[in-house]
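These notes are about the structure you will find just below.
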Amino acid sequence: VKIGVLISGGGTNLQSIIDNIKNGNIDGEIKLIISNRKEAYGLTRGKDAGIESIYLDRKLFNSEEEYNLELIKEFKARNVELIILAGYLRVLSKELIEEFNGRIINIHPSLIPSFCGKGYYGEKVHQGVLDYGVKITGATVHFVDEGTDTGPIILQEIVYVDSEDTVDTLKEKVLKIEHKLLVQAVKLYCEGSLIIERRKVIIKQR
Ligand code: GRF
């Protein structure tokens with residue numbers, strides 16, 4: 001499966017996909033990595049792995065829609081079949097979601113539907129978890145639909161919140177689970193094991 005990856009930051013989720021393609025665990029090929037932020041270290045990770053990695057400057061475009069039309073163009077030019085949002089902090093346009101319907105996977109650092117949607121991204125998610133005082137949090141991998149963090153859930157796994165946890169310690173614990181779940185979900189997708197039926201994801205047993 002030809003994969004396109006959208007990033008905005010450090011790219012540790014991207015790195016876990018790169019590593020698991022290289023070791024043969026994921027039957028896929030990353031054709032293009034696009035970042036909306038020039039200084040995203042994920043671009044370096046892509047280049048070091050010999051993958052075409054580009055910074056697409058949002059300021060060159062007049063609207064979010066036009067920016068997304070360019071994303072569609074770049075991905076389609078490389079026959080991308082699956083888009084992975086790996087720490088990507090912009091919202092996708094309706095056109096892009098329709099164009100790649102059922103073929104966009106996102107990783108979110110909480111147990112959706114808790115601590116997600118508008119305003120809950122990056123460290124704000126973990127701050128919300130600590131502020132609320134929940135005893136468990138975790139990570140969710142899901143297909144992207146027209147909402148924010150609302151698409152069919154593929155995999156989830158919990159992380160226990162300890163009394164002495166801080167945003168940083170919690171982020172580290174959750175990030176490890178994100179890497180594990182994202183790799184597993186992409187592997188299943190590439191094996192053709194993920195079925196979406198009435199907004200629910202069924203995992204075909206091998
Ligand atoms: C992390 O906060 C992660 O929870 C979220 O995006 C952020 C950056 O991840 N998915 P990465 O290291 O850039 O993959």
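Candidates in the range 36-48 are the residues that are outside any helix (DSSP H, G or I) and either among the basic types (Lys, Arg) or closer than 16 Å to residue 82 by Cα (or both); of these, the one that is farthest from the ligand (Cβ to nearest atom) is 38.
Would you check if there is a residue in the range 12-27 being within 15 Å of the ligand (Cβ to nearest atom), modelled with pLDDT of 95 or more and in a loop (DSSP other than H, G, I, E, B)? No, the range 12-27 contains no residue that is within 15 Å of the ligand (Cβ to nearest atom), modelled with pLDDT of 95 or more and in a loop (DSSP other than H, G, I, E, B). Checking each residue of the range 148-168 against the condition of being touching a helix residue (DSSP H, G or I) at 6+ places or on another chain (Cβ under 8 Å), open to solvent by less than 30 Å² (accessible area, probe 1.4 Å), part of a helix (DSSP H, G or I) and within 15 Å of the ligand (Cβ to nearest atom) gives at least one match. Do we find that residue 91 is away from the ligand (no atom under 12 Å from the Cβ), under 23 Å from residue 6 (Cβ atoms), open to solvent by 20 Å² or more (accessible area, probe 1.4 Å) and in a loop (DSSP other than H, G, I, E, B) in this structure? The answer is yes for residue 91. Set side by side, the residues 83, 51 differ, and just one is in a strand (DSSP E or B), open to solvent by less than 30 Å² (accessible area, probe 1.4 Å) and at pLDDT 95 or above, which is 83.
The values are calculated or read from the model by the stated rules, or taken from the named source; none is laboratory data. Here the structure is a predicted model, which means the values were calculated and not measured. For neighbour counting, all protein chains shown are included, and Cβ atoms are generated from backbone atoms with ideal geometry for every residue, glycine included. Note: accessible area is taken over every heavy atom of the protein model, side chains too, but ligands, DNA and RNA are not part of it. Shrake-Rupley method; radii C 1.70, N 1.55, O 1.52, S 1.80 Å.
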